[in-house]
Each structure stands twice: as structure tokens, then as C-alpha cells.
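Only one structure is covered here, and it is reproduced in the block below.
The values are calculated or read from the model by the stated rules, or taken from the named source; none is laboratory data. These numbers were taken from a predicted model, which means no experiment stands behind them. Here Cβ is always computed from backbone atoms with ideal geometry, including for glycine, and neighbour counts include all displayed protein chains. Areas reflect the complete protein model, heavy atoms only, side chains present, ligands, DNA and RNA absent. Shrake-Rupley method; radii C 1.70, N 1.55, O 1.52, S 1.80 Å.
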Amino acid sequence: MGLLLFLLSMFLLPLQAITFAGMKKCDLFLADVNTQLKFRNVTTDIKVDTSSNGLQLFTTITVDEPAPGLKTIFGFKVPDQRSGKIKLQYLYEYARISSSIGLTTNPIVNFSGVFGTNVLALGTDISFNMKFGNFTKCNAGLSFTNADLIASLALHVVMNEKGDSVNASYYHIVNPSTNIVVGAEVTYSFTTNVNTITVGTQYALDPLTTIKAWVNNASMVSALIQHEWLSKSLFTIYGEVDTESIDKSPKVGLALALKP
């Protein structure tokens, strides 16, 4: 009853956006609905998801600037009672800092920060397990940005899973008038000694319609077409196929995002 009253009270708030998405995977059809509600400086995002785990409800409540530069976020998932998490974010001219902690008996504490300018930035992301008293994740990254390109280098270290990897990416705007963009990403895993290379492109058919396509060295080819049929409202069709297993059913999905 308490959950029902909470949901009813949320839907009495002004509606900001609603998004519908669905994907057919083999014989299953997976769908979710996202709703955003806003009242003064409090924004509530509610997502209803259907998956192999059954019906799930994700709720995130964001309070903007309870103090200058500060943002507070509280999130939880139903029916998982251990999914509660609180996050604090602080924004400054040359720094972005975020920390979070799970609302459990033995929580994991996360900290991330970015320091720099619009041209050059350095960031880190670490996680600490309070139960075992050790670090479970340590990431670091460096990025360079100018008017028409973005280049980045990142190091990922996952302590428990030994998932060490290094990632480099490149994003270049070829023609701003037609929004032609090319990009590439290379990831090397120290654990498996495997390289993953992905290249992609983007092209605007018209001011309201964009096509994106990308392929990787694992023979996975993906593409989507996105159309803005109303102001800030987007309709997207997505597809993915494994060219080495043509006999398998491709993944096909669609999404609808509505904003008043």
C-alpha cells in the first residue's frame, strides 16, 4: 500500500518527459517505460522494466543545489531492498567531484573526480569495499578536446575480477554542416591479451534525421536511425547483427522519447 501511495503521489507532479523502448531478442520482447517528473528543484525519474528477472521498478530522486554547487541523488530498485544508494555531486569551474555509498550493512564507497579545463582534463574513479577493507576498482583517464575533435586515453583496473585494460578513443567532426562524424575506439585487455577495435560514423540526412553505424573486429555490425518528429521528441530504430553467425536472429529495437 505504501508503494502504491508513493507512485500515485509521484504522478501528481508535473510531467517533464516520457520514453518508451522495446527490443526483440530471440523469442522474448523486452520493454521499458521511463517517466520524469519535476517539482521545484526536485526531479524524480521512474523506470518500469520488463526483463528475464521479471517486472522491476527503478526510482531516482535528484535534489538540485540544496547548497551552491551541490546535487543530492537518492536511488533504489523494487523489489531489491538492498539497492538503495545515495550520491553527492559537487560542481566547480575547474572540478567535478562525485561520491556515493550503498545503503547496506557492508556498503561499497565510490569516488570520482575530474579536474581540468575545456581543452585538457584528468579524471579518476575508485571504489572501496567497506566489508573487506580493500579497493575493488581504480580507473584513470586523460582527454583532449578542441573545436572538431575529442581524443581520450583511459586505464581500467578491476581488482577482484583482474579485468585490467587500456582504452583509447578518437572522435572527429568532418563536416559540421551535415554533421558528418567519424570515430574509433581501441581497447586492449591485459588479462586476455585481446584487442577490440570499433569504428563508426554519423551522418545527418536532414536537420531532423540522423543515421549512425559502427562495426568492430568481432564482426558485430550495428546501426540506428533517429528522427526528431516533434520538438525534443525522438523516434529511434536500432539493429545489430553478427556477420559471422548470419543464421542467428538479429537484434532489433525501437525507442520513443517524448518531451513537452
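Which percent of the accessible area of segment 195-237 is formed by carbon and sulfur heavy atoms (probe 1.4 angstrom)? Mind dumping the intermediate values first?
On the way: 1780 of 2620 Å².
On segment 195-237, the fraction of accessible area on carbon and sulfur atoms equals 68 percent.
With a ≥ b ≥ c the root eigenvalues of the C-alpha gyration tensor of the chain, is it rounded (a/c under 1.5), prolate (a/b larger than b/c) or oblate? Display every interim value, and only then the final one.
On the way: a/c = 1.33, a/b = 1.11, b/c = 1.20.
Because its axes are fairly even, with a/c under 1.5, the chain counts as rounded.
So, in nm, how far is label residue 240 from label residue 56 when the simple model puts each one 7 Å beyond its Cα toward the Cβ?
That separation, rounded to one decimal, is 1.6 nm.
Work out from phi, with θ = phi - 60° and the Karplus expression 6.51 cos²θ - 1.76 cosθ + 1.60, the ³J(HN,Hα) of each residue of segment 173-182, listed in order in whole Hz, and give x for Gly and Pro.
Each residue of segment 173-182 in turn: 8, 7, 9, x, 5, 9, 6, 7, 10, 10 Hz.
Using θ = phi - 60° and the Karplus relation 6.51 cos²θ - 1.76 cosθ + 1.60, list the HN-Hα couplings for segment 208-224 in order, rounded to whole Hz, with x at every Gly or Pro.
10, 10, 10, 10, 10, 8, 8, 9, 10, 6, 8, 6, 8, 10, 10, 7, 8
If I stretch the segment between residue 209 and residue 254 completely, what's the gain in nm (0.36 nm per residue apart, minus their alpha carbon distance), one decimal? Walk me through the numbers on the way to the answer.
Numbers: separation 45, 0.36 × 45 = 16.20 nm, distance 1.49 nm.
Additional length available on full extension: 14.7 nm.
Scanning the chain for GluC sites (Glu not before Pro) in DSSP loops with at most 10 other Cβ atoms within 10 Å, what's the longest stretch left with none?
Numbers: sites that count: 93, 161, 244.
Excluding the exposed sites themselves, the longest stretch runs over 1-92.
Quick one: Cα centre-to-centre distance for segment 101-168 and segment 175-192, in angstrom?
20 Å
What length, rounded to one decimal in nm, is gained on full extension from residue 155 through to residue 217, with 0.36 nm per residue of separation minus their alpha-carbon distance? Provide the component values of the computation, followed by the final result.
Working: separation 62, 0.36 × 62 = 22.32 nm, distance 2.09 nm.
Full-extension gain reported as 20.2 nm.
Karplus couplings for segment 131-136 from phi (6.51 cos²θ - 1.76 cosθ + 1.60, θ = phi - 60°), rounded to Hz, Gly and Pro as x?
5, 9, x, 9, 7, 9
Give, as a single signed number, the net charge of other residues whose beta carbon lies under 15 Å from the beta carbon of residue 183, with Lys and Arg counted +1 and Asp and Glu -1.
Values: positive: 212; negative: 148, 185.
Neighbour charge sum, excluding residue 183 itself: -1.
Name the residues whose placed amide hydrogens come within less than 5 Å of the amide hydrogen of residue 121, ignoring near sequence neighbours (fewer than 5 apart) on the same chain.
Amide H neighbours of residue 121: 143.
Can you give the helix-only mean residue ellipticity at 222 nm for the chain, where every DSSP H stretch with n ≥ 4 adds -39500 (n - 2.57) and the sum goes over all residues, rounded to the nearest 500 deg cm²/dmol?
Details: 1 runs with 9 residues, N = 260.
Mean residue ellipticity, 222 nm, calculated: -1000 deg cm²/dmol.
As an exercise, identify the trypsin sites (Lys or Arg not before Pro) in segment 211-260 lying in DSSP coil whose Cβ has no more than 15 other Cβ atoms within 10 Å. Could you put the intermediate results ahead of the total?
Working: sites: 212, 232, 248, 251; in loops: 232, 248.
Here the trypsin sites (Lys or Arg not before Pro) that fit, given the DSSP loop and packing criteria, are 232, 248.
Please label the shape of segment 63-213 as rounded, prolate or oblate, based on the square roots a ≥ b ≥ c of the eigenvalues of the alpha-carbon gyration tensor (a/c under 1.5 means rounded; beyond that, a/b larger than b/c means prolate, else oblate).
Values: a/c = 1.89, a/b = 1.44, b/c = 1.32.
Prolate, because a/c is 1.5 or more and a/b exceeds b/c.
Only residues of segment 97-128 count here: report those whose backbone N is under 16 Å from the spot 7 Å along Cα→Cβ of residue 67, or say none.
97-100
Of the cross-linked pairs 212/248; 87/232; 38/232; 85/232; 87/259; 47/248, which ones have a Cα-Cα span greater than 20 Å in the structure shown?
212/248; 87/232; 85/232; 87/259; 47/248
Let a ≥ b ≥ c be the square roots of the eigenvalues of the Cα gyration tensor of segment 34-147; is it rounded (a/c under 1.5), or, if not, prolate (a/b larger than b/c) or oblate? Mind showing how you got there, number by number?
Numbers: a/c = 1.83, a/b = 1.30, b/c = 1.40.
Oblate, because a/c is 1.5 or more while a/b does not exceed b/c.
Mind putting a number on the dipole of the chain about its Cα centre? Charges go on the C-beta only, +1 for Lys and Arg and -1 for Asp and Glu, and I need it in Debye to the nearest 20. Before the final figure, lay out each step's value.
Working: 19 positive and 19 negative charges, 150 e Å.
Result for the chain is approximately 720 debye, rounded to the nearest 20.
Using the beta-carbon distance between residue 82 and residue 42 and R0 = 25 Å, what value does 1/(1 + (r/R0)^6) give for FRET efficiency, to the nearest 0.05? Please list the in-between numbers first.
Numbers: r = 24 Å, r/R0 = 0.98.
Efficiency computed from Cβ-Cβ geometry: 0.55.
For segment 122-260, what is the accessible area per residue in Å², given a 1.4 Å probe and the full set of protein chains? Working shown, then result.
Numbers: 8780 Å² over 139 residues.
Ligands and nucleic acids excluded, the result is 63 Å² per residue.
Would you mind counting up the charge near residue 74? Only other residues with Cβ under 14 Å from its Cβ, with Lys and Arg at +1 and Asp and Glu at -1. All intermediate terms of the calculation are to be shown ahead of the outcome.
On the way: positive: 71, 77, 85, 87; negative: 45, 64.
Net of charged neighbours comes to +2.
Using modelled backbone amide H atoms (1.01 Å from N, in-plane), which distant-in-sequence or interchain residues come within less than 5 Å of residue 17's amide H?
The list, which skips near neighbours in sequence, is 36.
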